[in-house]
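**Student:** Would you mind keeping the following structure in view while I ask a few things?
No lab work stands behind these numbers, since they all come straight from the coordinates. Because the structure is predicted, anything quoted here is derived from the model rather than measured. Because the Cβ atoms are built from the backbone with ideal geometry, glycine has one as well, and the counts that use them run over all protein chains shown.
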Amino acid sequence: MASGRRSSVFLAGMALLVTSAVLHAQDLTRVRGMIGAFDGKVLSVKDAGGTVKIQVQEKTEITFLQPIALSDIKPGDFLGVTSMKRPDGALTAVDVRRFPKPLNPGHRPFEGRDDQTMTNATVAATVQSTTGRELTMTYQGGQQKIVVPASAAISTQVPGNRSHLVAGAPVNLQMDRDNLAIRIQVGAPPK
């Protein structure tokens, strides 16, 4: 009998833990913009709605988008590519990011817009075309051909640190409801 009660208490505790984790994940807010300032603890980010102040903790995960050349991308690499969809349906890359491991494979509208897409997929081939280099990206259930013009931002994710949090750098982060940064992805500031 005591064993049955312990099992019930254990299962109830696990259910509470899972529910708490799900609710916490739903409380995260995404902020995208440019860093206005960082004083070592508080990050000021200018986004479309104004300036947001976010606390950076010791446990905040920081990744840096290290610029790379398109020639550094090889078949087998896993990329996240943000593209603009032309009227003829062709995709032109705006931002190309090489990830260390697969992340949410597939092809979908980006930020709810019909003219922008996000393709997270493996590079099957690279070809030089008249409009730029073309990537053939494959994922379970499909593939996309994406032209990468010279104007596209190209980077790879590497571990980052607080020294990357400088004014003018583009940033994409997740914070909790107390404005504590959970994850920060920061790029190099424009030159």
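**Student:** Positive end of the charge dipole of segment 66-156 (Lys, Arg +1 and Asp, Glu -1 on Cβ, about the Cα centre): tell me which of 152, 135, 117 has its Cα farthest that way.
**Tutor:** Highest projection toward the positive end goes to 135.
**Student:** Report the equivalent ellipsoid semi-axes for segment 87-191 in whole Å, largest first, defined as the square roots of five times the eigenvalues of the gyration tensor built from alpha carbon atoms.
**Tutor:** 28, 17, 14
**Student:** Still on this structure: Which FRET efficiency, nearest 0.05, do residue 70 and residue 44 yield, Cβ-Cβ r, R0 41 Å?
**Tutor:** That pair, residue 70 with residue 44, gives E of 0.80.
**Student:** Determine the sum of side-chain charges near residue 178: Lys and Arg each +1, Asp and Glu each -1, restricted to other residues whose C-beta is under 13 angstrom from that of residue 178.
**Tutor:** After counting each charged neighbour, the total is 0.
**Student:** Students often check this: by mean Cβ neighbours within 10 Å, which of 179-185, 65-71 ranks highest, and how do the rest follow?
**Tutor:** Taking the mean over residues of other Cβ atoms within 10 Å, the ranking is 179-185, 65-71.
**Student:** Sticking with this structure for a sec: Kindly express, to the nearest 10 degrees and within the range 0 to 90, the angle between helix 2-26's C-alpha long axis and the longest C-alpha principal axis of the chain.
**Tutor:** The angle comes out near 40 degrees.
**Student:** Taking loop as defined by DSSP and a crowding limit of 14 other beta carbons within 10 Å, which trypsin sites (Lys or Arg not before Pro) in segment 54-112 fit?
**Tutor:** In loop regions of segment 54-112 (DSSP not H, G, I, E or B), the sparsely surrounded trypsin sites (Lys or Arg not before Pro) are 59.
**Student:** Where does the charge balance sit around residue 159 when Lys and Arg score +1, Asp and Glu -1, over other residues with C-beta under 13 Å from its C-beta?
**Tutor:** Local net charge: +1.
**Student:** I need to check one value: relative contact order of segment 86-191, counting alpha carbon pairs closer than 8 Å and at least 6 residues apart, in percent.
**Tutor:** Computed value for segment 86-191: 22 percent relative contact order.
**Student:** Give me the net charge of residue 46's neighbourhood, meaning all other residues with Cβ under 13 Å from the Cβ of residue 46; Lys, Arg count +1, Asp, Glu -1.
**Tutor:** +1
**Student:** Within the chain, count lysine pairs with alpha carbon atoms under 28 angstrom apart where the residues are 8 or more positions apart or belong to different chains.
**Tutor:** Final tally of qualifying lysine pairs is 16.
**Student:** If each residue of separation counts as 0.36 nm, what is the full-extension length gain between residue 127 and residue 104 once their alpha-carbon separation is subtracted?
**Tutor:** 5.8 nm
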